[in-house]
Every structure is written in C-alpha cells, then in structure tokens.
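This report concerns only the one structure given below.
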Amino acid sequence: MYICICHGVTDKKIAQAIDDGAMTMRDIAKELSVGTQCGKCTNCTKKILNERLIEIADITDQVA
C-alpha cells in the first residue's frame, strides 16, 4: 500500500528500510524522503516503524 503519495513510497519500502537499519523517523526520511513534502504520511510511517521495531525486538529476545 502506498504510504507517501508525494514520493511514491510503499509500506514494503518502509519495512525494508527498517530491516536495513533505519531506527528513527529521521533515518526513514533521509533514505526515502517520507514526510518531507506534505507530511500527511508521518502518522502511518510512525505506526509501521513502531510495529516493525517491536517485531525485531521480539525476535531478538527469542534468539537470546
């Protein structure tokens, strides 16, 4: 699903950026330009970021 219409960024691209090391909104904005135009995508992006970071933390806890 498209999250940022201004820059054509999908939820999958955001998830991939997080998997590649983006840990903050600033990281995602630098890599994908999300939230740098109109800003309407920032809430959805934050939600994806938080959910993905929780998933990563849960996986890390299971491995440790």
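Can you pull the percent of the chain's accessible area that's carbon plus sulfur, 1.4 Å probe, other chains left in place? Answer for the chain: carbon and sulfur cover 53 percent of the accessible area. Surface exposure of the chain, expressed per residue as accessible area with a 1.4 Å probe, stands at 70 Å².
The values are calculated or read from the model by the stated rules, or taken from the named source; none is laboratory data. Bear in mind the structure is a predicted one, so any value in this text is a computation, not a measurement. Heavy atoms of the whole protein, side chains included, go into the accessibility calculation; ligands, DNA and RNA do not. Shrake-Rupley method; radii C 1.70, N 1.55, O 1.52, S 1.80 Å.
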